[in-house]
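FYI, it's all coordinate maths here, none of it is from the lab. Computed from a predicted structure; not experimentally measured. Positions of Cβ are backbone-derived with ideal geometry, glycine not excepted, and every protein chain shown enters the neighbour counts.
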Amino acid sequence: MEDVLAQARPLEGRVAIVTGAAGYIGRATAALFAERGARVVCVVRKTADIGVLEAAIPDALVLQADVSKEEEVAGYVGETMGLLGRIDIFFNNAGIEGPQALIADYPAADFMRVMEVNVLGVFLGLKYVMPVMTGQGAGVIVNMGSIASSIGGARMSGYIASKHAVLGLTRSAALEAAPHGVRVNMIAPGFIDSRMLSDIATRLGGDAEGLVALVPDGRLGKPEEIARAVAFLASDESRYMNGTSLLLDGGLTVG
């Protein structure tokens, strides 16, 4: 019976932080972490999202923070440590897409905001969580990348550049953390059925369903599928994976 319970709840007793927890993938992952036994800390930016997540994941601790502000990142890490005493899993997930525009027309302020959230936010999460984990001698970090971490895309220079940077941060952090028993990997989703994909498709003059024709598997991915991949990277089942990018795109980038 104990073996069965361990298989059903492989994250039992672990403390997991999920940033961007109000988004489709963040919420699905936080819920799955909780289902698998983790004590989950959800980080959200908007006050309105606090009650929604508390209702959706009753056992979760929901904290408000802007991941691009250093003092607020230090705050959610410090509060987690003060209340729960450790951090075993960190899903460094928060991100925005920014506008869709040619580089010549891309507002510099919007470009910098994408960098602040998607790059500085990931960096600050690493900066404050990694010392906790290296001090423990154990921990797993999963950064949110994208197929945009390894391909180009017209009218999406801010998002593309930011996700390329996340891959570089992942590789550097993995090398720094490995000697201390900490693993750092990246998840790289393709077209996932979500608010972000729908907004991007609309701004580019189409719709999310119109992108299905580009995917060899013939469908959009589901947030729950990404959540399961993140949970795999967070578990002991992936303990020999470090510094890697796990691609989930239905074959989109094969050709």
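Give me the Kirkwood hydrodynamic radius of the range 46-124 in Å, from all C-alpha pairs, to one decimal place?
Numbers: mean 1/r = 0.0689 Å⁻¹.
Roughly 14.5 Å, rounded to one decimal.
Straight-line reach from residue 46: which lysines fall under 19 Å, measuring Cα to Cα and dropping same-chain residues less than 8 apart?
69
Within the range 20-75, which trypsin sites (Lys or Arg not before Pro) sit in a loop by DSSP and count at most 10 neighbouring Cβ atoms inside 10 Å? Present the calculation step by step, with values, prior to reporting the outcome.
On the way: sites: 27, 36, 39, 45, 46, 69; in loops: 36, 45, 46, 69.
Those that pass, being in a loop and sparsely packed, are 46.
For residue 86 and residue 54, what is the calculated FRET efficiency with R₀ set at 35 Å and r taken between the beta-carbons, to the nearest 0.05? Present the calculation step by step, with values, prior to reporting the outcome.
Details: r = 22 Å, r/R0 = 0.64.
The calculated FRET efficiency here is 0.95.
Below 8 Å, C-alpha to C-alpha, sequence gap of six or more: please give me the relative contact order for the range 2-244 in percent.
Numbers: 441 pairs, mean separation 45.8, N = 243.
About 19 percent, as a whole number.
Would the range 1-150 count as rounded, prolate or oblate if I go by the C-alpha gyration tensor, calling it rounded below 1.5 in a/c and otherwise prolate when a/b exceeds b/c, oblate otherwise?
Working: a/c = 1.89, a/b = 1.73, b/c = 1.09.
Prolate.
What label, among (1) 24.6, 80; (2) 17.6, 62; (3) 19.3, 61, belongs to Rg and Dmax of the Cα atoms in Å computed from the structure on display?
(2)
Which value in nm describes the separation of the simple spin-label points at residue 8 and residue 175, placed 7 Å from the Cα toward the beta carbon?
Once both label points are built, they end up 4.5 nm from each other.
Considering the chain as a Gaussian network with a 10 Å cut-off on Cα pairs, which listed residue, 29, 202, 170, attains the greatest mean-square fluctuation?
Per the Cα network of the chain with a 10 Å cutoff, 202 tops the list.
What whole-number distance in Å separates the alpha-carbon centres of the range 89-122 and the range 37-58?
So the two Cα centres are separated by 23 Å.
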